Amino acid sequence: MKKFMVPDELQRDERFTRTAVPLDFLMAEEVTVEQVEETMMNLLGNDEVRKMMEDGQATGGAPNVFRRVRPDEDDAPVFLKTQMHGIFIGEMQALEAAGRSAWDFTDDDELPWKFQLDMARQCWDETRHVEIYSALLDHVGGEIGEFSENLFLFEFGCSNDPAERVVGVNRCLEGLALDVFNDTIRFGKQADDEAIWRSVDYVAADEVTHVRFGQVWSKALTENDPDRRKKVVAFQRKVDRAFSLGGLRGSYDGANTEQFLPLAIEFRKLAGFTDEDIADVAGAGPKVVASK
């Protein structure tokens, strides 16, 4: 089996379509509100969602991407399908990334057998997660392939250096998952939909373990090499910038948490994040400015 696959080599069946990864946008130092709106509409890749967002703009309302939808709103069913499909794709790419970590580094003498066991454990968990979100997609009336896929989670998370790989996949990708899951649990409880919030809470418990893998192994593999540690931290900040989704994710004051996706502080601390770690993630995104 080939090692160190590139994202374009990930195989899908005929249900799936792909959109290009907007590299310039994800790595920008500064973005405008309009750039975020346009990019998110392109990434969603679904005519129903695009129309909903365009209608909101036409009537002076905030685009769906900039606010937290409530269960009693007309947009809620479409939001849920978008959310569940996006997470399903994310879990599939996380499974592929963990599988690559288990296989790509099998001949690396630096890595103990426990590293392979941890990556295998993650694959086992991610397989269940793909099945759970497939069922949740059915639960909310969605279909696999209804929205397009992009490969930026896999592309940014993977590196040929095992220390960078566990940072990108486990600390950053799975950390983003915790933020999204925390918000989805909140939505499920507001909607009194026990199937959603209990299922997502169950998955989040696994993700805490996966993020901790990233915390533990990135430190263990760089503890005696300050230069490598510096390189890994730089990679980590690059990936966290990409995963900020153009500044939509972060820690905000009480007023703004109703509009943006906040960090899952409690989950991240369970996974071993310090206050300094959380501040680094919150500050990784670009500055979002008004139109120029």
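Each value in this text was obtained by applying a stated rule to the coordinates, not by laboratory testing. Everything quoted here is computed from the prediction, not taken from an experiment. Cβ placement follows ideal geometry from the backbone for every residue including glycine, while neighbour counts extend to all protein chains displayed.
Between 0 and 90 degrees, the angle of helix 226-242 with respect to the longest Cα principal axis of the chain falls at about 20 degrees. Taking amide H as placed 1.01 Å from N in the peptide plane, residue 261 has its amide H under 5 Å from the amide H of 250, each at least 5 places away in sequence or on another chain.
Amide H contacts under 5 Å for residue 10: none, restricted to partners 5 or more places along the chain or on a different chain, H placed in the peptide plane at 1.01 Å from N. Classify the range 155-292: rounded, prolate or oblate, from the alpha-carbon gyration tensor (a ≥ b ≥ c, eigenvalue square roots; a/c under 1.5 rounded; otherwise prolate if a/b is larger than b/c)? Oblate, since a/c reaches 1.5 and b/c is not below a/b. In terms of its Cα atoms, the range 117-156 spans 36, 23, 10 Å along the principal axes, sorted from long to short. Compared with the dominant principal axis of the Cα atoms in the chain, helix 113-139 is inclined by about 20°. The lysine pair tally for the chain, using Cα distances under 21 Å and a gap of 8 or more places or different chains, is 10.
May I ask you to work out the translational diffusion coefficient for the chain at 10 °C, viscosity 1.306 mPa s, via Stokes-Einstein with Rh from the Kirkwood sum over Cα pairs, reported in whole µm²/s?
My calculation gives 82 µm²/s for D.
Computed on the chain, with alpha-carbon pairs under 8 angstrom and 6+ residues apart, the relative contact order is 25 percent. Between residue 109 and residue 229, the simple label model (points 7 Å from Cα in the Cβ direction) yields a spacing of 2.4 nm. Near residue 168, once Lys and Arg are set to +1 and Asp and Glu to -1 for all other residues with Cβ below 14 Å from its Cβ, the sum equals 0. Quick check: the angle from helix 174-190's long axis to the longest principal axis of the chain, C-alpha only, nearest 10 degrees? Its long axis makes an angle of about 40 degrees.
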